[in-house]
Amino acid sequence: MRKQTKKMAALLMTSTLVVAAGCGGGDAANKSSGAGTSSETGAPSTEPIEFSFFGGDASPNWTGMQDAVGKAITEKTGVTLNAEFAVSGTDQQKIALMIASGDYPEIIFPKGETSKLVSAGAMVDLTDLIDKHAPNIKKIYGPYMNRLKFSKEDPSIYTIPTNSMVDNTAFDAGGGFEVQLAVLEELGYPEIRTVEDFEKALKDYYAKNPTIDGQPTIPLTLNADDWKIMITVTNPAVFTTGGGDDGEFSIDPDTYEAKLHYKRPEEKEYFRWLNHMYNTGLLDKESFTQKDDQYKAKIASGRVLGLIDQSWGYGEAENALKSAGKHERTYGHFPVTLTEEYKDPSFTDIGNGSGYGVGLTTALSEDQQVRAIQFLDFMASDEAQVLNNWGIEGTHYNVEDGKRVIPADVQERKTNDNAAFQKESGVGLYAPLSVRYGDGVKDPSDNYYTTNYPEQITANYSEPMKKALAAYDATTWKDLFPAKDEFPVKKWGAAYNLPSPSTPDFTVPFQKSQDIVRKAIPAAIVATPEKFDAIYDQMLNDLEGSGIPEMEALYTQLIKDTVELWNSDTAAQ
């Protein structure tokens, strides 16, 4: 499964100061002593303490830890968080302002901005703190501790990966090309393997159904609002032509040479296909002007036949369809490629790579650092993982014959009204606060840590979904995708998870490349067919200037150093 789920801003290196950070370091005078252990038992202290926290991802359901899970965490640890979260696309600006002011939150989930904070001297090296005070983190990441090191030159540990779960097994597909179940059923469940197949399905259904519920049918729409242009417009050019998911780069698996993926000749033909879709009226004319909420509103109306997205990108709109009983207007996932010579690499094995993570800043005193790492270690414990994934026993799940079971009414709320359920329960809200096991891993009670496992996934399918999967002789949509053993394991994990250089010789030309691409790709797609080549070729020419090749060389060295670091004989055990 594509992990862009959390990658989308990893390489966007702008430092424009747009909005106030508003999450200053804590005032020690207003805190408890922050002592890390109880003087009587030697166990981690549960004395009440508040930490300031900044999360680089939006968290619209945050309640100040007044939800059920949050209250349980505070009861167990004494910790409450005075938290602020970025809204879409503001994480970089907020962190840039923190660096400019020197005013930092005490605990931070900085997404792709870790390098800038390290350069500013804002991050605490967690190596000794983990060794002395974090047995749960060491247990989970033990064999992979070398992958937590910041770089070959600086082997400090600044963040604990929280977006890449350990030993994760994906049981279902959440990406690829999406087609409405109603379309599939009316057309007799056709094969959807290439862009030509995808186009034909949308075109044939659209011809028979020009309107849906009284509104004009939209065969295909894309979301190019800010960084999401990568998810639905540019990244699919890589996947449909068999390339690996490494953010804005294509990396040679033998030499580790990194180039902007747009320079792969085959990608030009994918964008040419989008140009064709636009000029034949199958691609929504508002794809490059609409905002994220407009994109989701169209999907929620049930009139969008096809998508090229990740399920997290449109899940809110799809939940609205489920709540309205329009299950036939939800989507199946297909491993579509440009032609049959390519294979969709969504399930390529990246190993247990590093990734975005949570860290501590120099706003904490040494005593408070101990207390904070003990909190993050609790969040990695079996108890906390069950709390975050399952909720409160007797309220959000029951134990029957030794197995955790989600009651039907709770599952219905999770499926059809997840935002309200999460706000009330807190289930899933605290994932950015420590490393955790992934889907398919069982705890000591022989229960899965997460609620994403085959029996639970299939039990939640609607009848139209089950019917469609049966027609394709599949149990889940993943069954249609190439398996991970069809691809070599990536020795550098996923490049979008790596901390990119923060020096101007990288950030300035990288930003220039983004400016070029984000202007040229939409222009090429909406141009008349005879103008497509000139626009695209000019983009490629522009990507050979402005220090961009030198920037690519720096990234190549980063990949080489990462492979060397991760495979060194000095890996911590």
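The values are calculated or read from the model by the stated rules, or taken from the named source; none is laboratory data. The shown structure was predicted, so the numbers you read here are calculated from the model rather than taken from an experiment. Backbone-built Cβ (ideal geometry, glycine too); neighbour counts: all protein chains shown.
Total residues in the range 336-376 satisfying the condition of being over 30 Å from Tyr270 (Cα atoms), of a type in the set (Gly, Ala, Ser) and crowded, with 20+ Cβ neighbours inside 10 Å: the figure is 5. Could you go through the range 207-218 and let me know if any residue there is surrounded by fewer than 20 Cβ atoms within 10 Å (Cβ to Cβ), among the basic types (Lys, Arg) and farther than 28 Å from Gly545 by Cβ. Yes, the range 207-218 contains a residue that is surrounded by fewer than 20 Cβ atoms within 10 Å (Cβ to Cβ), among the basic types (Lys, Arg) and farther than 28 Å from Gly545 by Cβ. Scanning the range 236-283 for residues that are closer than 24 Å to Gln557 by Cβ and of a type in the set (Lys, Arg) yields Lys259, Lys263, Arg264.
Scanning the range 398-419 for residues being part of a strand (DSSP E or B) and either closer than 13 Å to Tyr449 by Cβ or in contact with a His (Cβ under 6 Å, 6 or more places away or on another chain) (or both) gives a total of 1.
Answer yes or no as to whether Thr232 is closer than 30 Å to Val489 by Cβ and either modelled with pLDDT under 95 or outside any helix (DSSP H, G or I) (or both). So Thr232 does not fit the description; no. The single residue among Thr458, Thr451 that is touching a residue at least 60 places away in the same chain (Cβ under 8 Å), polar (S, T, N, Q) and within 30 Å of Leu321 (Cα to Cα) turns out to be Thr451. Screening the range 432-464 for residues that are in a helix (DSSP H, G or I) and crowded, with 20+ Cβ neighbours inside 10 Å and picking the one that is farthest from the chain's Cα centre (by Cα) gives Leu433.
Evaluation of Trp62 against the conditions (1) among the hydrophobic types (A, V, I, L, M, F, W, C); (2) surrounded by fewer than 22 Cβ atoms within 10 Å (Cβ to Cβ); (3) in contact with a Leu (Cβ under 6 Å, 6 or more places away or on another chain) shows that the sole unmet condition is (3). Output the number of residues of the range 248-259 satisfying the condition of being closer than 11 Å to Val238 by Cα and either of a type in the set (Val, Ile, Thr) or touching an Asp or Glu at 6+ places or on another chain (Cβ under 7 Å) (or both). Of the residues in the range 248-259, 0 are closer than 11 Å to Val238 by Cα and either of a type in the set (Val, Ile, Thr) or touching an Asp or Glu at 6+ places or on another chain (Cβ under 7 Å) (or both). Restricting attention to the range 290-308, does a residue exist that is surrounded by 18 or more Cβ atoms within 10 Å (Cβ to Cβ) and more than 20 Å from Val179 (Cβ to Cβ)? Yes.
Kindly establish whether Lys94 is at pLDDT 95 or above and part of a helix (DSSP H, G or I). No: the conditions fail for Lys94. Counting only strands (runs of 3 or more DSSP E) that fall entirely inside the range 300-393 and contain at least 2 residues that are touching a Pro at 6+ places or on another chain (Cβ under 7 Å), the qualifying elements are 304-308, 357-360. Within the range 164-183, track down each residue that is modelled with pLDDT of 90 or more and on the phi > 0 side of the Ramachandran plot. Residue satisfying the conditions is Gly176 alone.
Taking the range 406-431, which residues are within 23 Å of the chain's Cα centre (by Cα) and without any contact (Cβ under 8 Å) to a residue 24 or more places away in the chain?
Listed by number, the residues that qualify are Lys414, Ala420, Phe421.
(1) under 29 Å from Met145 (Cα atoms); (2) buried (at least 18 other Cβ atoms within 10 Å of the Cβ); (3) at pLDDT 95 or above: which one isn't true of Thr114, the others all being true? Looking at each condition in turn, Thr114 falls short on (3).
Starting from residues that are in a helix (DSSP H, G or I) and touching a residue at least 12 places away in the same chain (Cβ under 8 Å), keep the ones in the range 465-476 and report whichever is surrounded by the most Cβ atoms within 10 Å (Cβ to Cβ).
The residue in question is Ala468.
Taking the criterion of being within 24 Å of Lys322 (Cα to Cα) and part of a loop (DSSP other than H, G, I, E, B), the residues of the range 191-215 that qualify are Ile192, Asn209, Pro210, Asp213, Gly214.
The set of residues in the range 108-160 being outside any helix (DSSP H, G or I) and of a type in the set (S, T, N, Q) consists of Ser151, Ser156, Thr159.
Of the numbered criteria (1) more than 30 Å from His333 (Cβ to Cβ); (2) in contact (Cβ under 8 Å) with a residue 60 or more places away in the chain; (3) out of contact with any Asp or Glu (no Cβ under 7 Å at 6 or more places or on another chain); (4) surrounded by fewer than 20 Cβ atoms within 10 Å (Cβ to Cβ), the one Ile160 fails is (4).
Mind listing just one residue for me: the one in the range 183-204 that is free of Cβ contacts under 8 Å to residues at least 60 places away in the same chain and within 15 Å of Asp473 (Cα to Cα) and, of those, nearest to the chain's Cα centre (by Cα)? Across the range 183-204, the extreme among qualifying residues is Glu191.
Could you please let me know if Asn209 is over 20 Å from Ala317 (Cα atoms) and either hydrophobic (A, V, I, L, M, F, W, C) or at pLDDT below 95 (or both)? No. Annotation: of all residues in the range 377-405 being among the β-branched types (Val, Ile, Thr) and in contact (Cβ under 8 Å) with a residue 24 or more places away in the chain, the one that is surrounded by the fewest Cβ atoms within 10 Å (Cβ to Cβ) is Thr395.
Of the residues that sit in the range 406-431 and are crowded, with 18+ Cβ neighbours inside 10 Å and hydroxyl-bearing (Ser, Thr, Tyr), which one is nearest to Ala58 (Cα to Cα)? Step by step, filter the range 406-431, then rank; the result is Tyr430.
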